[in-house]
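Contents: one structure, followed by commentary.
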Amino acid sequence: MHQSSMRIMEKMLQKHVDVLAGRVIDVGSAQIGNSETYKKFFDGWEYFGVDVDQKDNVDVVMTGEYEIPLPDNFADLLITGQCIEHVRNPFKLMAEAVRCLKTGGYVICIAPNRDSIHRYPIDTFRYHPDGMEAIFDEAGVTKIVCELGDKSQRIIDCYFVGVKQ
């Protein structure tokens, strides 16, 4: 995970999430190379890393491209960072992930607005706030904030924080 994404996640957790512990699902959690993961922010939580393949930092392997083998209303928090730009249908994946979230649970999503092509295994989209809001509105999540990160950086991230209704 690049450092600006780590900073955004930490800031959004501190500023918007008032749940101090519970279950968190991290969709797209696989550790790539020696990069950091968001897991370090969740001491005291039950952390479930979710991804399509068994790799480091993956606890739950998806059973299909858009199938997360967790029950409805399972988690208190859904996070995903640097993942949905690698998905053919982000609307479908985020609807499935939100299904696993309790009503009143929080969502934090971070994805690039500007970055070089980086296939893991594909690289499909770049995100603006309107597009990210559309994905989560369709999934039944009410926006708290959705903005672009630091525009002076080489990689600019778009981030969304919301609550499942």
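The values are calculated or read from the model by the stated rules, or taken from the named source; none is laboratory data. All of these numbers come straight from a predicted model, not from anything done at the bench. We place every Cβ from the backbone using ideal geometry, glycine too, and count neighbours over all the protein chains shown.
Key figures for this structure:
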{"quantity": "Which listed residue, of Tyr127, Tyr159, is in contact with a strand residue (DSSP E or B) (Cβ under 6 Å, 6 or more places away or on another chain), surrounded by 15 or more Cβ atoms within 10 Å (Cβ to Cβ) and assigned to a strand (DSSP E or B)", "calculated": "Tyr159"}
{"quantity": "Some residue of the range 65-88 being more than 16 Å from His2 (Cα to Cα), touching a strand residue (DSSP E or B) at 6+ places or on another chain (Cβ under 9 Å) and basic (Lys, Arg)", "calculated": "no"}
{"quantity": "Count - residues of the range 84-108 that are buried (at least 18 other Cβ atoms within 10 Å of the Cβ), farther than 15 Å from Asp51 by Cα and of a type outside the set (A, V, I, L, M)", "calculated": "2"}
{"quantity": "Residue among Asp26, Asp76 that is closer than 15 Å to Cys109 by Cα and more than 12 Å from the chain's Cα centre (by Cα)", "calculated": "Asp76"}
{"quantity": "Long-range neighbours under 9 Å by Cβ, at least six apart or interchain, first residue closer than 21 Å to Phe42 by Cα within the range 61-85, second part of a loop (DSSP other than H, G, I, E, B) and charged (D, E, K, R)", "calculated": "Val61/Asp53; Gln82/Asp115"}
{"quantity": "All positions within the range 69-115 that are closer than 20 Å to Thr37 by Cα, in a loop (DSSP other than H, G, I, E, B) and of a type outside the set (Asp, Glu)", "calculated": "Gln82, Cys83, Val87"}
{"quantity": "Some residue of the range 132-151 being in contact with a His (Cβ under 7 Å, 6 or more places away or on another chain), surrounded by 14 or more Cβ atoms within 10 Å (Cβ to Cβ) and over 20 Å from His86 (Cβ atoms)", "calculated": "yes"}
{"quantity": "Lone qualifier among Asp51, Asp72, Asp76 - being touching a helix residue (DSSP H, G or I) at 6+ places or on another chain (Cβ under 7 Å) and modelled with pLDDT of 95 or more", "calculated": "Asp72"}
{"quantity": "Neighbours by Cβ (under 9 Å, 6+ apart or cross-chain): first from the range 32-57, over 19 Å from Asp76 (Cα atoms); second among the small types (Gly, Ala, Ser) and loosely packed, with under 14 Cβ neighbours inside 10 Å", "calculated": "Val52/Gly64"}
{"quantity": "Qualifying residues in the range 1-34 (those that are in a loop (DSSP other than H, G, I, E, B) and either among the β-branched types (Val, Ile, Thr) or at pLDDT 90 or above (or both)) - the one surrounded by the fewest Cβ atoms within 10 Å (Cβ to Cβ)", "calculated": "Ile32"}
{"quantity": "The range 118-158, subset farther than 24 Å from Arg99 by Cβ and of a type in the set (D, E, K, R), residue modelled with the lowest pLDDT", "calculated": "Arg119"}
{"quantity": "Failed criterion for Tyr120 (all others in (1) under 19 Å from Phe48 (Cβ atoms); (2) part of a loop (DSSP other than H, G, I, E, B) hold)", "calculated": "(1)"}
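Results for (1) in contact with a Leu (Cβ under 6 Å, 6 or more places away or on another chain); (2) surrounded by 13 or more Cβ atoms within 10 Å (Cβ to Cβ); (3) farther than 25 Å from Cys158 by Cβ; (4) acidic (Asp, Glu), shown as yes or no for each residue.
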position: Lys40; (1), (2), (3), (4): no, no, no, no
position: Asn57; (1), (2), (3), (4): no, yes, no, no
position: Met62; (1), (2), (3), (4): no, yes, no, no
position: Pro71; (1), (2), (3), (4): no, no, yes, no
position: Phe74; (1), (2), (3), (4): no, yes, yes, no
